[in-house]
Structures are given as C-alpha cells and as structure tokens.
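Engineer: One structure coming up, written as structure tokens, with questions to follow.
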Amino acid sequence: MNRKAGIDSIGFQMIMARCLHAGKAGIASTVGMLILLIATADWLVGNTVSLGVLYVFPMMLGAIVLRPPETLVLAIVCAILRWWFDTPGSIAEVILRFAFALVCYFSAGLFVTALLRYREVETQLRLLIESSPAAILTADGQGVVLAANDAAQRMFALEDGASLLGRNIRSYLPVLGDALQLLVGSEGFRTAAQCQGRRENGEIFLAHTWFSSHGVKEAAHISAIVVDSSEEMKDREEQNLQHLLRYNRITAAGLAHEVRNISAALAILLTNLNQKHALSPDEDFQGLINLTRGLEQLALLSLSSHAEQIFEEISLQPILDNLRIIIESEWTSIGGAIRWPVPTSISKVLADPNGLLQSLLNLAQNSFRAVQESPLKEFAIEIEETAGRVLLFIQDSGPGVASPERLFRPFESEVEGTGLGLYVSRAIVRSFGGELRLEPRPAGCCFVIELQSAN
C-alpha cells in the first residue's frame, strides 16, 4: 500500500529468506563459528580490552531459528565467555557486568524474535489486503488518501500508472469526507453506510462502506472497506420487479374471478327481472345487460392472461429462518414469544420461495396485530407431512376470527385496510399448487398453508 514500506519489507524478507534457506543447522554452525572467533579475538587482545559487545551479533543471528528458551541458553553461554575474558574488576562489578551482559544478549535475541513475528504478521496482513476483492484505504483528517490497495485503484477506474495516493477521498466517496467532519471525540467511531461513489471517469456506482476513525481534527485518520454493489442492486431490483409483476397478475386474476362471479349473479338477476316484468323492450334494461356481459368478458380476458403455475423445488428451512429474522425483533419489543419447533429434517416442497415468504409474512403481521391487546402474546409455526403434502400451521394467541366466512373476500368493510392481504396470499399460494385455509381452534387463530411435497 506504501511503496517505500513495501520495498523495505521486500528487502527484509529477502535477507530472512536467505538466512532461513540455510536451515537451522547452517545458522547454528555460523553462530558457533562467530562465537568462537569473537572468543579467540577476545583472548588474543588480553584482559585490557573486552570484545563482549560483539556477541550481540551471533545472538541476533541465532534468534532467527531459536525458541526463547534456547535463546536464553545461548545468552548464558555468551555471557560466560564474556566474563571469562573480561577486564579485571571487583566481585560486585564483575557480577553486575555478567548480569547486564546476559540481559543485553537475551534482549537482543528476543528483539529479533519479536521483529520476525511482527514482520510475519505484517506480511500476512499485507497479502490479505492486496489480494482482497474489496477496496481498502486509509485517509488523513483532510481526506487525503495515505494508502490504498489495488482493488481501490480498479474500483475508482484510475488510469494505468495513476495512483490514488495523495488524492482527496471526497472526490470519490463524499460520505467519508462528511464522516471526518463529525469527529468530535478522541475515540472516533465505527459504522457502515450505503452511499453513492464516483469513479475517475465520472461514472457513479452504489457503494457499501464499512469505516472507522480515530483521532481528532488534523490528527484524525479514517480507514474504510468499500464494495461496489451496483450489480447486486441491479439484480435485486430486476428480481423485485419480476415478483411485483407476477403478484399483480395473480391479484388481477383473482379479482377478475370475483368480478366474473358477480357478473354471473347479476346476469341471473336480470334474467329473472325480464321474466317477471317483460323489460326486454326497455333500452336502459338492454344497456344494463350489455354492461353485464362486458364485465364478464373483461373478467374472462384477465383470467386468460393469468401467469403459469410456478413449480420449483425449495427447502423450507431457509424461508422460515428468513421469516424469523424479519419478525423476531418486533415480537420481542412487545414482550411476545415465538415458538418454532421446526423438525430437523423437512421434505422439499414445490413453491415459489419469495411468494411463500410473502404469504407467511402477511400471516405473521396479521397475528402481530391480533395479539396487541392479548395478555399472552405468542406466535408459532408447526410442520406436518402427510400423503405427499407438507402442512404449515401458523398459530397465534390472539382473540381468533369473528367471521371466518368473510376472511378471504376482498374489500370487506369490517376488515382492517383493504382486506386484500389474505385474498392475495391465498392467490399466491394457489399459484404454485398449494392452498391457504383457516383451521378452527378452541383458542387463538390458526391458518394452514398446504404445499405439495417434492419427494
């Protein structure tokens, strides 16, 4: 991420690689030869001058392959050799020299060991950052980019040879510049944001950003991980549009069915009126008959454009898990409980996963509204398998349904809202060969979604 640091790191790694290439035995032999040469030189110069400081070099070389206990043993050996050829002095002075030498040698070895571990961690972290498909960058308090990986260079569409370093991140991710303005404390903050990014060529994209900051004002720094979510958003919105169109067709077909039933009943009523009062010559009566026929033809046209049934083998467990993630927090907020005794093994079913989740979510929301005034607030889903069918029992501890016969009728005045929720949910379930019905229970309310087993 930083070129100079990278060069220094590569140089250090090359030296370490050459040392490690010699192996533990080779390094140990070199250390032994160095210690022997230093001891010989110390003996030759006599007791007038001490060369004990030179033992630091074999200590640092040996620490490359030695464990801390082994490094301590080597430090003791070097300290003894230094004491043997040391300049004369009092007993206390000699003891202090020996202790200080031992600490110095051992510390030098531990320093190399810690440096090697630090370099290894740094190398692994650098490899992780450089190989990451997500853009990772750091900026100072003014928004100037201090470090960035290759993915950041590609994300912001910089020209070949151009670098993001030294540029202001506000030009590419304004949200990070705004975040730097919010630094008011020394602790900084950690958060995530979905925002709009801008490439060097002016193209905009949807960015998911996770960033943290530390420091205040000019000393502030911000680090961020950025992912380009444009393709994900495009796929999600296209999929949502397809689902919306599909469910609109299902709803329109269901309403057309109701219009056809009303038109048929109205036609029978007009026929009876004609037989009783001979209204055929009346132009207004004939206009009413034509209007009724027109409504019936319109209903038949809508039914003929009904979407084909959707048969896809799906697993229920992920759908139920997603449902629980969506509804659990609101049930917890009212002191409610969710009982979810889902079997460990569930047969796959034939259904549309998004349609089934939408139907379950509608039933869960109805239950949530129903238990608001109940002393006991519970919601449960149970699963049974029988004769090639999988039954989902959706239950709550609410007051139950006062008028079951009016449940699946659209635009019922006694139903909260438009009354289309259950009607559309049943239409969706029926679109993939299932059924939604009310199950009579002595207490509470229970709906059953019956699905075809894929086994």
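The values are calculated or read from the model by the stated rules, or taken from the named source; none is laboratory data. Because the structure is a prediction, the values reported are computed rather than measured. Neighbour counts run over all protein chains shown; Cβ positions are idealised from the backbone, glycine included.
Engineer: Suppose we filter G398, G388 for residues that are small (G, A, S) and closer than 16 Å to E330 by Cβ; which single one remains?
Structural biologist: Testing whether each residue is small (G, A, S) and closer than 16 Å to E330 by Cβ leaves just G398.
Engineer: Turning to a different aspect of this structure: Go through the stretch 74-101 residue by residue and tally those that are in contact with a Leu (Cβ under 9 Å, 6 or more places away or on another chain) and either surrounded by 16 or more Cβ atoms within 10 Å (Cβ to Cβ) or not assigned by TED's automatic domain parsing to the domain that holds T40 (or both).
Structural biologist: Matching residues across the stretch 74-101 total 6.
Engineer: Inside the stretch 237-282, can you point out the residues that are among the β-branched types (V, I, T), at pLDDT 70 or above and in contact with a helix residue (DSSP H, G or I) (Cβ under 8 Å, 6 or more places away or on another chain)?
Structural biologist: V259, I262
Conditions (1) aliphatic (A, V, I, L, M); (2) farther than 18 Å from I225 by Cβ; (3) without any contact (Cβ under 8 Å) to a residue 24 or more places away in the chain, marked per residue:
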site	(1), (2), (3)
A135	yes, no, no
T138	no, no, no
E159	no, yes, no
L173	yes, no, no
A179	yes, no, no
A193	yes, no, yes
G197	no, no, no
T209	no, no, no
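Engineer: Still on this structure, please answer the following. Kindly check whether there is at least one residue in the stretch 199-217 that is modelled with pLDDT under 75 and at negative phi.
Structural biologist: yes
Engineer: Would you tally the residues in the stretch 356-397 being more than 29 Å from S453 (Cβ to Cβ) and in contact with a Leu (Cβ under 9 Å, 6 or more places away or on another chain)?
Structural biologist: Residues flagged as more than 29 Å from S453 (Cβ to Cβ) and in contact with a Leu (Cβ under 9 Å, 6 or more places away or on another chain) within the stretch 356-397 amount to 1.
Engineer: I would also like to ask the following. Among residues belonging to the stretch 31-73 that are modelled with pLDDT under 85 and of a type in the set (S, T, Y), point out the one that is surrounded by the fewest Cβ atoms within 10 Å (Cβ to Cβ).
Structural biologist: Per the criteria, the residue is T48.
Engineer: Also, I was wondering about something else. For the stretch 172-198, which residues satisfy the criterion of being modelled with pLDDT of 85 or more, loosely packed, with under 13 Cβ neighbours inside 10 Å and within 17 Å of D140 (Cβ to Cβ)?
Structural biologist: none
Engineer: Same structure again: Please name all residue pairs, on different chains or six or more residues apart, with Cβ atoms under 6 Å, provided the first residue is in the stretch 71-91 and is without any contact (Cβ under 8 Å) to a residue 60 or more places away in the chain and the second residue is aliphatic (A, V, I, L, M) and crowded, with 18+ Cβ neighbours inside 10 Å.
Structural biologist: T71/A63; A75/L102; A79/A101; A79/L102; L81/A39; R82/A101
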